[in-house]
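Asker: Let me begin by handing over the structure; questions about it come next.
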Amino acid sequence: MSQIQIETNPSYPVIIEKGLLNILGKSIKPFLKGKLLIITDENVDSFYGRVIAEQMNENNIEWDKYIIVPGEESKSLEVYGRILEYMAAHNFHRNDTVLAFGGGVVGDLSGFTAASFLRGIDYIQVPTTLLAAVDSSVGGKTAVNLKEGKNLVGAFKQPKAVLCDPDLFATMKEERFLDGVAESIKYGILRDEELFSEFETPLTQRDARLSNIIERCVKHKAEVVKKDEMEKGERQFLNLGHTIGHAIEKASGYEVSHGHAVAMGMGMMARACEKIGVLKKDNRERILKVLEKNGLPTKTSYSTEDLFGKVYKDKKCSSDKITIIEIERIGKCRLHKILIEDFREYIEKGRV
Ligand SMILES: NC(=O)c1ccc[n+]([C@@H]2O[C@H](COP(=O)([O-])OP(=O)(O)OC[C@H]3O[C@@H](n4cnc5c(N)ncnc54)[C@H](O)[C@@H]3O)[C@@H](O)[C@H]2O)c1
């Protein structure tokens, strides 16, 4: 078992342990004051619903469950409102706790529910996807989507604890697991060459290295979040590959998943950074090779104009400039503020 303390305000532990699901009741009990609402989705519930029920009952936890339809569409005001109404109708109080048992969709939705129900109650995260384990369950960002765009309504709300069992990733669809691999490789490129090297041997869903890799990624995210809880500076580093990635997600009408889009974004930034003389050729080659070896894409067929149009629309309303993350070498990146217009060149140079 490993435990990392996230030093935000308030601070909380991330506990990573293989087989933790089988002691979930005992593990969450110290964090509970009243009853528990478990929020999960249909897929996750079909795999783990029975064990969860056993765990709660064996440990005399008063609990209830709300199951959402899987997928991004559930991160909506409608579903959010229905959960709040369910909680009010079932007499949930200030002392009660929400448990997010699922991927990033369940985590973001449950976190925002907990942040706003009765002006805020406790919540605990049990991430069931690799992406949720290394990224969305840590850092306190919660949100739902509007039809105008993703994550437009939300709050910063730190959980009481994050409990992660890497054995849960065995049942994931491979494509979704790879989304988490992309975000994990990102931490390597950003700040940890040794972590990056781990991916030279592709990561698999039952990999014995999972606990260790998650621990390292969470430590990196924790360090960044500690310096910049409200995302005003340092936290921008976590957006490596995301400016192009978001444009690709949008251009595809969200057919391309977030992790795959970020992999493309990182691959394209690696090519662009070599061409502008910031990154050495051997580093660019290693980055592309590691992404490809792990089954991730490194470029896109959307045109430069198409992608630039999306970036422009996204950023132009806030400023004439954007901060991009340039790769200097594997393990070291830098923030660079440029005119939005100049980003077109990065997209073009990243293509091939
Ligand atoms: N809050 C943050 O800081 C942050 C950071 C990154 C991403 N996000 C958000 O996270 C979301 C994406 O998260 P995600 O990739 O985990 O997607 P997700 O929650 O939609 O899960 C992906 C799919 O896997 C299924 N699934 C989950 N766990 C499973 C398991 N153990 N076995 C079998 N199937 C399982 C789900 O039912 C779903 O169909 C997006 O909404 C994104 O905006 C938030």
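Laboratory data are not the source of any read-out in this text; all were calculated from the coordinates shown. Since this is a predicted model, take the numbers as computed values, not measurements. We place every Cβ from the backbone using ideal geometry, glycine too, and count neighbours over all the protein chains shown.
Asker: Taking only Cα atoms, what is the 0 to 90° angle, nearest 10, from helix 258-275's long axis to the longest principal axis of the chain?
Answerer: 30 degrees
Asker: Over the Cα atoms, compute the radius of gyration (one decimal) and Dmax (the largest Cα-Cα distance, rounded to a whole number) for the chain, in Å.
Answerer: Computed over the Cα atoms of the chain, radius of gyration and Dmax are 20.0, 61 Å.
Asker: Note the full-extension length gain between Asp342 and Leu146 as 0.36 nm times their separation in residues minus their Cα-Cα distance, in nm to one decimal.
Answerer: Length gained, Asp342 through Leu146: 67.6 nm.
Asker: Evaluate the charge dipole of the chain about its Cα centre and quote only its size in Debye, nearest 20, assuming +1 on the Cβ of each Lys and Arg and -1 on the Cβ of each Asp and Glu.
Answerer: I would put it at about 780 debye.
Asker: Still on this structure, please answer the following. Hey, what's the Cα Rg ratio for the range 255-352 versus the globular rule of thumb, 2.2 N^0.38 Å?
Answerer: 1.05
Asker: Treating the angle as unsigned and between 0 and 90°, give the value, to the nearest 10°, between the Cα long axis of helix 242-251 and the longest Cα principal axis of the chain.
Answerer: Between the helix axis and the principal axis of the chain, the angle is about 80 degrees.
Asker: Report, to the nearest 10°, how far helix 104-116 tilts away from the longest principal axis of the Cα atoms in the chain, using its own Cα long axis and a range of 0 to 90°.
Answerer: Computed tilt is about 60 degrees.
Asker: Still on this model: Would you check the range 2-171 for Lys pairs whose C-alpha atoms are within less than 19 Å, ignoring same-chain pairs closer than 8 in sequence, and give me the count?
Answerer: Value for the range 2-171: 21.
Asker: Check each of the trypsin sites (Lys or Arg not before Pro) in the range 72-140 and keep only those in coil by DSSP with at most 13 other C-beta atoms within 10 angstrom; list them in order. List each step's numbers first, then the result.
Answerer: Details: sites: Lys75, Arg82, Arg94, Arg119; in loops: Lys75, Arg94.
In loop regions of the range 72-140 (DSSP not H, G, I, E or B), the sparsely surrounded trypsin sites (Lys or Arg not before Pro) are Arg94.
Asker: Using the reciprocal of the averaged 1/r over all distinct C-alpha pairs, how large is the Kirkwood radius of the range 174-350 in Å?
Answerer: By the Kirkwood definition, the hydrodynamic radius is 16.2 Å.
Asker: If R₀ is 35 angstrom, what is the calculated FRET efficiency for the pair Lys313 and Val352, using the beta carbon separation as r and rounding to 0.05?
Answerer: According to the calculation, E is roughly 0.90.
Asker: Relative contact order of the chain, please, whole-number percent, based on alpha carbon pairs below 8 angstrom and at least 6 residues apart. The partial results should precede the final answer.
Answerer: Working: 683 pairs, mean separation 52.3, N = 352.
For the chain, the relative contact order is 15 percent.
Asker: In bins 5 Å wide, starting from 0, what share of all Cα pairs of the range 2-171 does each bin hold, as a percent?
Answerer: Each 5 Å bin holds this share of Cα pairs: 2, 9, 20, 24, 23, 15, 6, 1, 0.
Asker: Have a look at Gln158, Ser184, Thr201 and report the one farthest towards the positive end of the charge dipole of the range 127-227, computed about the Cα centre with Cβ charges (Lys/Arg +1, Asp/Glu -1).
Answerer: Gln158
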